[in-house]
Amino acid sequence: MNFLSHYVFNHDVSGLPADGYFALGVALPDLWPRFSRRRRLKWKHVRAHQPRDERSARLRAGLLNHADVDRRFHTLPCFLAWQRELKTCVNGEGLHSMFVDFLTHVIVELVLDQKLLHAQPRLADQFYDTLANTDPSTAARHAATIGDVNTDGLDETLRLFQERRYMRRYATDDGLLHAIALTIGLANPAPPPSDKLVRTMLTRAVALVDPPTVWSELVQM
């Protein structure tokens, strides 16, 4: 799942308190590629780490929550069915099968966020307001210890993420297409998908993706 879907599932569906450091820990794996493609969290270290600070403990709990919820989400019957349906839109573009898996995955997750924004227009601001209760430098320092990774510069990535509040743009199809284009750019596929294909897949995903179905299947796992 993406940022807003994780937030809604944890705090609206599951009833967890909307704590800043926990929410930031949940968001961090999806935000990480915008910080670094080479430096990576060491998940074995994250799981073994024993925090001595309450903020560190909440950040680690968020990281582990992200990994657990994503693991379950990616095996949901609805998610797999929507991916299969979107793959039928691909015809004759010469795209690698692994990239098609990635693209359908991304589009389903971003459309899920968009539907949540349509249902709750202030959702993006609520998410960012929760993150605003954290200190980026403190979070970056704790992430370095928890994940056994160099986080120099992560504090600036976190500040910009909170200041720009770009997920407000997910409410429009143009905003979502821009987010998809940025994600495709990070993947740098050869060849890239055509704009027509991406728009076709987005339109189909909007007709398919249903947040209540996701929540129903997730809570049963």
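Below, the figures for the structure above:
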item	result
Boolean, ALA140 is over 18 Å from the mean Cα position of the chain (by Cα), loosely packed, with under 13 Cβ neighbours inside 10 Å and under 25 Å from ARG168 (Cβ atoms)	no
From PHE127, PHE161, residue being closer than 16 Å to SER36 by Cβ, under 20 Å from the mean Cα position of the chain (by Cα) and aromatic (Phe, Trp, Tyr)	PHE161
Helices (runs of 4 or more DSSP H) wholly inside segment 1-108 containing at least 2 residues that are of a type in the set (Gly, Ala, Ser) and farther than 29 Å from SER194 by Cβ	20-35, 54-73
Residue list for segment 182-199, filter: touching a helix residue (DSSP H, G or I) at 6+ places or on another chain (Cβ under 8 Å) and under 24 Å from ARG37 (Cβ atoms)	THR183, ILE184, LEU186, ALA187, PRO189, PRO192, PRO193, VAL198
Unmet requirement for THR130, which otherwise passes all of (1) among the hydroxyl-bearing types (Ser, Thr, Tyr); (2) in a helix (DSSP H, G or I); (3) in contact (Cβ under 8 Å) with a residue 60 or more places away in the chain; (4) over 23 Å from SER5 (Cβ atoms)	(4)
Cross-chain or 6+ apart pairs with Cβ under 8 Å, segment 88-102 first and free of Cβ contacts under 8 Å to residues at least 60 places away in the same chain, then surrounded by 10 or more Cβ atoms within 10 Å (Cβ to Cβ) and part of a helix (DSSP H, G or I)	VAL100/LYS87; ASP101/GLN83
Scope segment 166-203; condition assigned to a loop (DSSP other than H, G, I, E, B), touching a residue at least 12 places away in the same chain (Cβ under 8 Å) and surrounded by 15 or more Cβ atoms within 10 Å (Cβ to Cβ); matching residues	PRO189, PRO193
From the options ALA61, ALA57, ALA67, ALA48, residue that is free of Cβ contacts under 8 Å to residues at least 24 places away in the same chain and surrounded by 13 or more Cβ atoms within 10 Å (Cβ to Cβ)	ALA57
Residue in segment 190-202 that is of a type in the set (Gly, Ala, Ser), at pLDDT below 95 and more than 21 Å from ALA81 (Cβ to Cβ) present	yes
Failed item, numbered, when ILE184 is tested on (1) modelled with pLDDT of 95 or more; (2) β-branched (Val, Ile, Thr); (3) over 27 Å from VAL46 (Cα atoms)	(1)
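The values are calculated or read from the model by the stated rules, or taken from the named source; none is laboratory data. Note that this is a predicted model, so its numbers are computed, not measured. With ideal geometry, Cβ positions are generated from the backbone for all residues, glycine too; neighbour counts draw on all protein chains shown.
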